[in-house]
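In what follows, a single structure is set out as structure tokens and then discussed.
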Amino acid sequence: MNEMLKRGFLLGIGAAAYSKEKIQTYVDNLVSRGKITPREAEEWKEELIQKGLETEEEWSQQTKERIERTLKELGFATEKDIHRIEERLAEIERKLEEQPPSN
């Protein structure tokens, strides 16, 4: 699951970088055609980038939740499940070590 999330994250970063370049090209084009001022372009670019980041974060969270739900439905253990089992195992091992040896 971690590899899938990592790939999704990297894909999102790539898309964000590409989108940022496209936004810059678009606003530069508007400035060169006299449709907006350079100051307006900068403000607009920052606003569009921020909205894009917010949308990307929302999609990333939704994707993570869908993946976790699907894995749970398929019967896969989550990281939380594994951690809980490891803690129980450590507790059982401690109790066994505390018991006097039987003859």
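Only the coordinates and a few stated rules stand behind these numbers; no lab work does. In this text, all values refer to a predicted model and were calculated from it rather than measured experimentally. In this analysis, Cβ positions are derived from the backbone assuming ideal geometry, glycine residues included, and neighbour counts consider all displayed protein chains.
The table for this structure:
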| item | result |
| --- | --- |
| Separation in nanometres of the label points that stand 7 Å from Cα toward Cβ, at Gln24 and Ser102 | 7.1 |
| Added length on full extension, which subtracts the Cα-Cα distance from 0.36 nm per residue, Val31 to Lys95 | 15.8 nm |
| Cα gyration tensor category, rounded, prolate or oblate, for the range 36-103 with a/c compared to 1.5 | oblate |
| Ascending count of other beta-carbon atoms within 10 Å, so fewest first, for Lys20, Lys95 | Lys95, Lys20 |
| At R0 = 30 Å, FRET efficiency that the Cβ-Cβ distance of Glu86 and Ile49 yields, to 0.05 | 0.10 |
| Sequence-distant lysines (8 or more away, or on other chains) whose Cα lies within less than 23 Å of Lys45 | Lys20, Lys22, Lys35 |
| Gain upon complete extension [Arg39, Lys72; 0.36 nm per residue less C-alpha separation] | 6.9 nm |
